[in-house]
Amino acid sequence: MDLEHLLANIAQHRVEAPEPSKCRWSADQAAGEGLHYSNRNERLGINFQVEKLAFAGLQVMDPRVVVIAAGCCNEKHRHAHESIFVVLSGEAEIQIGQQTTVLGPGAVAYVPRWVVHQSRNRSATEPLTLLAITDFGLTSAVLGDYDSRTRLKAGGVDAFAQDPQTP
């Protein structure tokens, strides 16, 4: 697909500005439109859920609330879209490539395209809540449904949560 064709395709999907009440969200509101997806694998310590925030007219950005259970993580994965994580509550240990960093409430992390990453909840008692903002809308418009083909599933050979049965 050439650039002119892509821009023409995007122009066909323009929307009018929604009411102001549909353009805001706060952490004390119920998140989004309900569960988008979740994954749980006790053996690997994976236990999280993702809810999309439904803002009318979004075409490029794809904001999601990610909740990771106490002492757990999401699966190690990568994707074609960029991500920005904002810690809303809890303490996160975020692996981006070969680097790991600890972030508290209000801290922000950036994950480039195709870089393997994972978020772990450092608390043994409280959930970790992240706001994930991506450009999934634009990237999937260009590449199609790539996310299901690139996300490493639980038990993948390079899962961050180590299998206790593996030496």
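Restricting the trypsin sites (Lys or Arg not before Pro) of the stretch 32-116 to loop positions (DSSP other than H, G, I, E, B) with no more than 14 neighbouring Cβ atoms within 10 Å leaves Arg113. Sorting Thr129, Thr101 from the fewest to the most surrounding beta carbons within 10 angstrom yields Thr101, Thr129. Ignoring solvent entirely, what values of log10 I(q)/I(0) come out of the Debye formula for the stretch 50-139 at 0.24 Å⁻¹ when each Cα is a single scatterer? Log10 I(q)/I(0), no solvent term: -1.24.
With the simple model of a label 7 Å out from the Cα in the direction of the Cβ, Leu58 to Trp114 spans 2.6 nm. Look at Thr125, Thr100 and count the other Cβ atoms within 10 Å of each Cβ; fewest to most, that gives Thr125, Thr100. With neighbour counts taken as other beta-carbon atoms within 10 Å, the residues His5, His117 rank, fewest first, as His5, His117.
For Ala124 and Asn9 in the same chain, what is the full-extension length gain: residue separation times 0.36 nm, less their Cα-Cα distance, in nm?
Length gained between Ala124 and Asn9: 36.7 nm.
Binning the alpha carbon pair distances of the stretch 95-141 at 10 angstrom intervals from zero yields the distribution 20, 51, 25, 4, expressed in whole percent.
Coordinate-derived values only; no laboratory data. All values derive from a computational prediction rather than experimental measurement. Glycine gets a Cβ as well: all are built from the backbone with ideal geometry, and neighbour counts include every protein chain shown.
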